[in-house]
Structures are given as structure tokens and as C-alpha cells.
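The values are calculated or read from the model by the stated rules, or taken from the named source; none is laboratory data. Keep in mind it's a predicted model, so treat the numbers as computed, not measured. For neighbour counting, all protein chains shown are included, and Cβ atoms are generated from backbone atoms with ideal geometry for every residue, glycine included.
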């Protein structure tokens, strides 16, 4: 039994949008690297080979390299995606890579999604709001929860804050402060959670405007591009109906 | 020179670091967390299968308690663990999980009624009790007497890390993202902060703190094949070592996980086997029962990994063009189960292997996974050598894992130890010795020293490449300091690593990029990784026995008579080319559970004379005490509650009113 299908190996031409804002002489430019494709090569492997053998200054972000941490979102041939789990064999020989738009550029393919996500988290207060959270009785039996509800919550919580939905969002490109699908999904997640004592009026305060749920143009780019296949469009539509009702 | 002052400086933004930060913050301290990456991207997120806590809610967990969790953990450690610490841990784990439940983790819950489960290759139906409905459920994991791994599908670490990070944000704890601690500031007795590099701008800043806590996780990336994230280079442990004061415990105790997907080494959870998955060889024969009739696929990780490599060496592997491997079979669990309980596994198989695990076999081979060793601490998480320095989580050798960690005990340790160390740091900050009296000129000296080191690298024309030397180090570790070890190859490894360490001093740069400069990062981390690698290899060479994950082909027995010892590695002078190795005895006469057979793995070991003595003492104590409950018996043998913060000393309640 063969584990990984073989395909004839090619010479890849990887074009990278490069710019280092820390260097006053740097201007954005496309640089092309050629490298030999290898068996089951991912963009994680390819970019590291380029950095090790061709250009030690090439900047990019990987952490888990297993598709679970959300560090390596970038534009791959025009579409946002996770580079670590993108196999080169699924791409043509000519590959164009660019940093995710909508985030502060650190250098080359590295963008500051962390700062953006922390900002959204603070703004939307993405934590369970309940009395006495710092004095939980940790000796007592936990409060029961319906198994199905726990599963639904996890479904929404699978978001890895990679930023692909922001890069794929029409509104986010026009309104810098739009909370995006990642933010709205968080609101639906906490709204669903019985442990959170906030009600719809509270959530309306957070997202009841056109940088919140009413800014969405329903272009569905977020859901199409979500690496975790989260039901983002459904969640936004649902939230909008709830917020209209407030 | 820029100096940032804080009460508590936590280096590392994973579960352990953030929980410690929250604890210290709640007690009124100013806290700053440093993190190489955005905190929610920390490697804690990669924990898949579960967190061990003896709640005992579901049928498979019925009757579970702290005593069983304690005994499983000590056996798993091959009696290398500190039993006081294991007791503290087992007592705290249910509290940790309940706190996280209140904070928003969507733990999978018990569903009343009939369920089909897979056990030992067969389907069977169990019925969950009405009373347990909606409480936190758990799954089976290796080396445990009960189903004790509480989980959130197979994204447990992700869900925990997000809830924890959100609480830290709610508490207003700043996380200085994309920063790296380069050196600990100390005067030989007292640690008071760190010199920190901003990874975006390259700027050096001094942070001065009353308490400094290393929470940087493991050092798996000194190996070529590892399940670890690429940030797991052990820099926290390395800068502690470089103080010349702090020691690292049991660095030779390195865990290899049985199921890294082959050849990438990406983890698929032990939950696959816990839920009923099987290991098959090249002929699709289920081989584990042949070796381990008691626990089969669910013996401890050290044992399963060893049996797998042994089976491959005997010629029973499956071959692919990348080399030999074995198969993990979860087809029998069915698509429904995989789609809900093992969905990350499914995604990993789909994206990295191009297969559907519901209908195809997963190629696996053991891969480096966990560092039992780390910064040696006392039971409160403080370094015994350097006041004001704390360590927590995988970066620490608090020592609840000894020579082998049980699956699901690491995420549990992060939160439990975070709860304890957060309080300990707050106590320290409030005490007289916690006051910060060191001068800023000390910070200035350390900052200048680090700046000089970086300049030296930038000016170096020695012509060595960090990339090349890193590769050689990783290859040496994987080939010579892996699952099977021997004196001869370990000596070769030590020699090779020493050579690499010399060469690392001649690493220069090809690019002078401003700002992030990834090449400079690789260059300054390399000598630190090599020091850790030398601690591992030399510790392994000197330990002439086999214990837990440390297996010597030339000394295959566990030798309690000579090796009831914890290894302590230190690096007293910067110009040293080898670590100094000392030992700290483990006293059997204080143990609640004296050494014996683990219940799986090898049965022959060399007994220590104290073992029989202690057993007799225990038997006598218990006989004299007459009728007692389990808590009284435990207190009689090894009191530990006094080691815990006052607020955490009370008993855990369980279903049906039992404690």
C-alpha cells in the first residue's frame, strides 16, 4: 500500500511579494525563487528550503506546521490559506505568495495577526462574563451541560484566528475597523454559551452597527476561505436577525 | 537603555505561563507575559486527546480518584517522579478542570443511555447513568486504570488555551508578543528579570521583575523528527542553564510518542488508541498483544514506542520510499466517531497524507514528543539555586513525570502547576526576600553583554552556517540519543555535539537585514540548543540503567540500587564545553508507593534494599492504624497538603457524594 501518491517532480517558480518596513531602502517588489519540488512538499518545507539555501532574510511565520495554530495564513495564488498544509503538488509550477491583507506588515510574508486578534478580543470582550469567576468553587461538581450544546460550542470554537476570513472579506478591505467573521463568530459562540450572562442588548452594544454585524455584505468569502470550514455565513445571518430584533 | 519594571515576568504564553500569570495578577501583582508568538498560537494548542483528571463521571471512569491517578502517574514515571509533587498534582487536577469549565471550555459531556464503544478490537454496548448526564466525560488513554482523559473532541489544548488566553485578556494582562528572553538578569543569587529581544524590530530591552518565571515549553526541536512546534527550541531552559546557577533536571528523559504520522512527524492523538484504534505491522497483523498482553496498545508511551521500533527492527515494518513505518488503524471506530471525536486527526490525515482515516490506514512511527526534563524547581516551582526564578509546565522539572509522562498529564500539569506557581510567586513578591533591591546597572551590564554577543555574530567571518550545524545536531540526536541508546553511540553523540558547539562559535551571517532577521535568530539560538543537547546526551551516557523513556541496550534493567537519583545538569562557566552533572537522591523511605513492577513493560529490575524496608514500614503503619478511610491512610504515609496553597487544600467532590 502506498501512503502518498507520487507525481513527477517539477521545478517550482515561487514568486514572493517582498518588503521590509524596518529597512528605509526597501520597496515592495516581487522576487522569484526556483526550487526542485520534493515528495509531499508543503509550502512550509518549500519556504524553509528557500530561506536555508537561497535567501536567509526571507521572513514568514510558522509555528505548529500542522494546520492548528493559525500562524501561516498567506495569499497563495490569489486565495488566502494556511501555507503549512498546502501541498505544492496541488498547485501549478508557478506559485505566487503574498502577505495577508488587512494586517500590519512585519516583513515579507509575516503579518501581525496577533495584535489585530488581541484588539478584537478586547473590543468584543470575547470571554465568559459571569459573576465570581475568580472565586469558582473548584471542589464542587461542575454545572452540567447538554452534550449536544458542548459540541455546538466546540464547533464555533474551532476558529484558529488565522485571519483568512479578514483577507477574504470585502468589507474588511474597505473598513479598517470591521470586526469580520472571526469577531462575529466569537459573539455567536459566547451568545450560545449559557455560562455567559450577557444578553442580546449587551451584544448589540458590541456589534450592532456597520463595523459589526451590519457591515457584512454577504459576499461569503469568509466561509469559502475558512481553513476550518466554520459555518461563518450562517452564524452571521443568524446574529443579524437577533440583533435586528433588539 | 530601556527598562520595563513589573512585579512578575512570565516568559512564555502557553497554558502554564498564562495560568501562573492570572494567579499572580489576582493577588494584585503587575504581570507581563512575554511570548515568541501570539499567545493563542502557543504549542499548548497542539494537545489533542485530553487532560487527565480523576472526575470519574462516565462509566469507564467510575470509581476513579486521586489515589489511582497518583499510582498511575508514579508507575508511568518508572518511579522517577517526586511523589509529593505527584500527590499535589492528582489532588489539583479536578479543581483545574472545574475552573476551566467555569471559564468557558466546552468539555465533552456524558450522554445518558446506550453507547457503542470499541475495546480490544471489539464493539460493545455500555449504558451511561442518568445521574452523570451532562457532567464532564472522559476517554481511555495509555497507562491508566480508568478512563480519565477529559477532552473537547480532539482539540482539547486549543479549547483550553483559548479559554485561558481570554481570561488573561479579561484580567488585562499584557502579552508582549514576538519577544524573546535572551538572558536572565541575576547577581549569582537572585534573579531579577531578563534581557529581551523584540523579534520584529531587533531591539533589546531590559525587564526587571521581583519574580521571573520560565514557561517556554519543551526542547523537541533539538531532534530531527519531532511532533513539537518549530518554536519548541528550549530557549527558556537554556537561558536558565546559562546563568551558571540554575540546574536542569533529568534532561536525558525524553519522550517519543508512538503515533507521529510518517514521515512528517505530526502528532495524531493517543485518543485514537484510547478510543479503540489498533497498531498494525507491514502484514496488517496486530502486534502489540504479542508483546504487552496486559495493556496492549495502551501501555505507557515509552513502552509502546519501544515495542514498535523493536518490531520494525525485527523486519515487520511496512515500507515506503521514506523508510519503514507501522500502521494506525482507526477504521473500526467508524466515520461517525471520527467525524465528531477525532476531527483534527481526520484533517491532518486529509491534508498531510491525502487519506481518509475512516477507510484507510494511517502510516505512523514514534517521534520525539515531550521533554520530561527542564528547569529544576522545588514543589512550589522555585529554582533551588537562584532565588526569584520560577519555572512551570514542560519547561520545568517540577518532577511529576520522572522518566516517562502519561498521555494527558501534560496539559493537566500546565494548568495545575500554573495555579500553584502563580500563588507561590505572589507569596514571594509579598515577602521580604521578594523585594527588588538590585541596581539598574546590573541590568545594563547584562543588556550590553547580549548586544555584544549579537554584534560578534554579525561580524563573524568564520564561515560556519547555523542551518547546517542545526541539521547536524538534529541528526545526531535522532540517530544516537533516540529510543534505543548505548554507551558507544552516546559517547559519539557527546563528541559530535562538542565539535558542533565549537563550530557554532564561528557562525556568521550572510544577510544584514534589519528588523526580524531570521538568520540572526537561528545563529544565536544554536549554541543554546547545543548546550541542551549536550545535557541530554551526557546525562544519557552517564545513566547506566534503563528507566522509563531512557533505554540503554547495554544496561537494559532498571537499577534502583544505583539509580534512585535525579540528574542535575548545570553549566557553571560560559567557557565550559560540557555540562556539569550532579545527582539528587530520591528517598524510597519517604515514598508512598515504593518501586515495583509498572503493570506493563519489563518485569526485571534491580531492587533497592530500602524498597522492602519501606514496604514493611507501610504495612505496619497501616495495620497499627486500624480502620481508616483512604484520606487518612494517605496522610499517614506521605502528608502533602501542607505543600499546597491554603485555598486548594480541600477535598474534591464527586458524583454520588463521594470525595
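The residue of segment B:465-483 that is nearest to the other protein chains (Cβ to nearest Cβ), among those that are surrounded by fewer than 17 Cβ atoms within 10 Å (Cβ to Cβ) and within 23 Å of residue B:549 (Cβ to Cβ), is B:475. Regarding segment A:89-103, can at least one residue be identified that is at the interface with chain B (Cβ under 9 Å from one of its Cβ atoms), touching a residue at least 24 places away in the same chain (Cβ under 8 Å) and not in a helix (DSSP H, G or I)? Within segment A:89-103, not a single residue is at the interface with chain B (Cβ under 9 Å from one of its Cβ atoms), touching a residue at least 24 places away in the same chain (Cβ under 8 Å) and not in a helix (DSSP H, G or I).
Number of residues in segment A:203-227 that are part of a helix (DSSP H, G or I) and crowded, with 17+ Cβ neighbours inside 10 Å equals 10. Can you tell me which residues in segment A:160-171 are buried (at least 22 other Cβ atoms within 10 Å of the Cβ) and in a helix (DSSP H, G or I)? Correct list: A:164, A:165, A:166, A:167.
Could you list, in sequence order, the residues of segment A:64-73 that are within 8 Å of chain B (Cβ to nearest Cβ) and within 20 Å of residue A:102 (Cβ to Cβ)?
Of segment A:64-73, the ones within 8 Å of chain B (Cβ to nearest Cβ) are A:64-71.
The answer is A:69, A:70, A:71.
Within the set B:173, B:231, the sole residue that is buried (at least 20 other Cβ atoms within 10 Å of the Cβ), in contact (Cβ under 8 Å) with a residue 40 or more places away in the chain and either within 10 Å of chain A (Cβ to nearest Cβ) or more than 26 Å from residue A:120 (Cβ to Cβ) (or both) turns out to be B:231. Out of all the residues in segment B:199-218, which are more than 30 Å from residue B:477 (Cα to Cα) and part of a strand (DSSP E or B)? Passing the criteria: B:204, B:205, B:206, B:207, B:208, B:209, B:210, B:211, B:212. When we screen B:334, B:282 for residues that are at pLDDT 95 or above, within 12 Å of chain A (Cβ to nearest Cβ) and surrounded by fewer than 19 Cβ atoms within 10 Å (Cβ to Cβ), the only hit is B:282.
Taking the criterion of being under 29 Å from residue B:305 (Cβ atoms) and touching a residue at least 60 places away in the same chain (Cβ under 8 Å), would at least one residue in segment B:501-511 satisfy it?
Keep residues of segment B:501-511 that are under 29 Å from residue B:305 (Cβ atoms), which gives B:501.
Checking which are touching a residue at least 60 places away in the same chain (Cβ under 8 Å) leaves us with B:501.
Within segment B:501-511 (the criterion being under 29 Å from residue B:305 (Cβ atoms) and touching a residue at least 60 places away in the same chain (Cβ under 8 Å)), the answer is yes, since at least one residue qualifies.
Going residue by residue through segment B:219-227, is there one that turns out to be assigned to a strand (DSSP E or B), crowded, with 24+ Cβ neighbours inside 10 Å and touching a helix residue (DSSP H, G or I) at 6+ places or on another chain (Cβ under 6 Å)?
Pass one, segment B:219-227, residues assigned to a strand (DSSP E or B): B:226.
Still in the running and crowded, with 24+ Cβ neighbours inside 10 Å: B:226.
Next, from what is left, pick out any that are touching a helix residue (DSSP H, G or I) at 6+ places or on another chain (Cβ under 6 Å): B:226.
Yes, segment B:219-227 contains a residue that is assigned to a strand (DSSP E or B), crowded, with 24+ Cβ neighbours inside 10 Å and touching a helix residue (DSSP H, G or I) at 6+ places or on another chain (Cβ under 6 Å).
All conditions but one from (1) at pLDDT 95 or above; (2) within 23 Å of residue B:155 (Cα to Cα); (3) crowded, with 20+ Cβ neighbours inside 10 Å apply to residue B:375; the one that does not is (2). Go through the residues of segment B:582-600 one by one and say whether even a single one is in contact (Cβ under 8 Å) with a residue 40 or more places away in the chain, surrounded by fewer than 18 Cβ atoms within 10 Å (Cβ to Cβ) and over 21 Å from residue B:73 (Cα atoms). Yes, some residue in segment B:582-600 is in contact (Cβ under 8 Å) with a residue 40 or more places away in the chain, surrounded by fewer than 18 Cβ atoms within 10 Å (Cβ to Cβ) and over 21 Å from residue B:73 (Cα atoms). Taking segment B:522-552 as the range and being crowded, with 24+ Cβ neighbours inside 10 Å, out of contact with any helix residue (DSSP H, G or I) (no Cβ under 8 Å at 6 or more places or on another chain) and closer than 15 Å to residue B:480 by Cα as the test, only B:539 passes.
A single member of B:67, B:72, B:7 is buried (at least 24 other Cβ atoms within 10 Å of the Cβ) and in contact (Cβ under 8 Å) with a residue 60 or more places away in the chain, and it is B:72.
Residues in segment A:77-88 that are under 17 Å from the mean Cα position of the chain (by Cα) and within 14 Å of another protein chain (Cβ to nearest Cβ): 6 in all. Taking the criterion of being closer than 11 Å to residue B:102 by Cα, in a helix (DSSP H, G or I) and facing chain B (nearest Cβ under 7 Å), the residues of segment A:117-159 that qualify are A:133, A:134. For residue B:33, the conditions (1) away from chain A (no Cβ under 14 Å); (2) farther than 22 Å from residue B:156 by Cα; (3) assigned to a strand (DSSP E or B); (4) touching a helix residue (DSSP H, G or I) at 6+ places or on another chain (Cβ under 8 Å) all hold with the exception of (1). Within segment A:57-73, if we keep just the residues that are more than 30 Å from residue B:508 (Cβ to Cβ) and without any contact (Cβ under 8 Å) to a residue 40 or more places away in the chain, the residue that is surrounded by the fewest Cβ atoms within 10 Å (Cβ to Cβ) turns out to be A:66. Taking the stated definitions as given, is residue B:146 out of contact with any strand residue (DSSP E or B) (no Cβ under 6 Å at 6 or more places or on another chain) and without any contact (Cβ under 8 Å) to a residue 12 or more places away in the chain? When the stated conditions are applied, residue B:146 does not pass them. Listed by position, the helices (runs of 4 or more DSSP H) inside segment B:372-490 whose residues that are without any contact (Cβ under 8 Å) to a residue 24 or more places away in the chain and under 30 Å from residue B:151 (Cα atoms) number at least 2 form an empty set. Within segment B:55-66, can one find any residue that is touching a helix residue (DSSP H, G or I) at 6+ places or on another chain (Cβ under 6 Å), farther than 27 Å from residue B:599 by Cβ, more than 9 Å from chain A (Cβ to nearest Cβ) and part of a helix (DSSP H, G or I)? So far as segment B:55-66 goes, no, none of its residues is touching a helix residue (DSSP H, G or I) at 6+ places or on another chain (Cβ under 6 Å), farther than 27 Å from residue B:599 by Cβ, more than 9 Å from chain A (Cβ to nearest Cβ) and part of a helix (DSSP H, G or I). No other residue among B:102, B:159, B:96, B:145 is surrounded by fewer than 24 Cβ atoms within 10 Å (Cβ to Cβ), within 14 Å of chain A (Cβ to nearest Cβ) and either at pLDDT 95 or above or on the phi > 0 side of the Ramachandran plot (or both) apart from B:102.
Okay, residues lined up against (1) touching a residue at least 60 places away in the same chain (Cβ under 8 Å); (2) surrounded by 14 or more Cβ atoms within 10 Å (Cβ to Cβ); (3) in a loop (DSSP other than H, G, I, E, B); (4) within 8 Å of chain B (Cβ to nearest Cβ):
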position: A:15; (1), (2), (3), (4): yes, yes, no, no
position: A:21; (1), (2), (3), (4): yes, yes, yes, yes
position: A:35; (1), (2), (3), (4): no, yes, no, no
position: A:48; (1), (2), (3), (4): no, yes, no, no
position: A:51; (1), (2), (3), (4): no, yes, no, yes
position: A:75; (1), (2), (3), (4): yes, yes, no, no
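Here residue A:230 clears all of (1) in a helix (DSSP H, G or I); (2) touching a residue at least 12 places away in the same chain (Cβ under 8 Å) except the condition numbered (1).
Looking only at segment A:104-116, residues that are surrounded by 18 or more Cβ atoms within 10 Å (Cβ to Cβ), more than 13 Å from the chain's Cα centre (by Cα) and at the interface with chain B (Cβ under 10 Å from one of its Cβ atoms) come to 4 in all.
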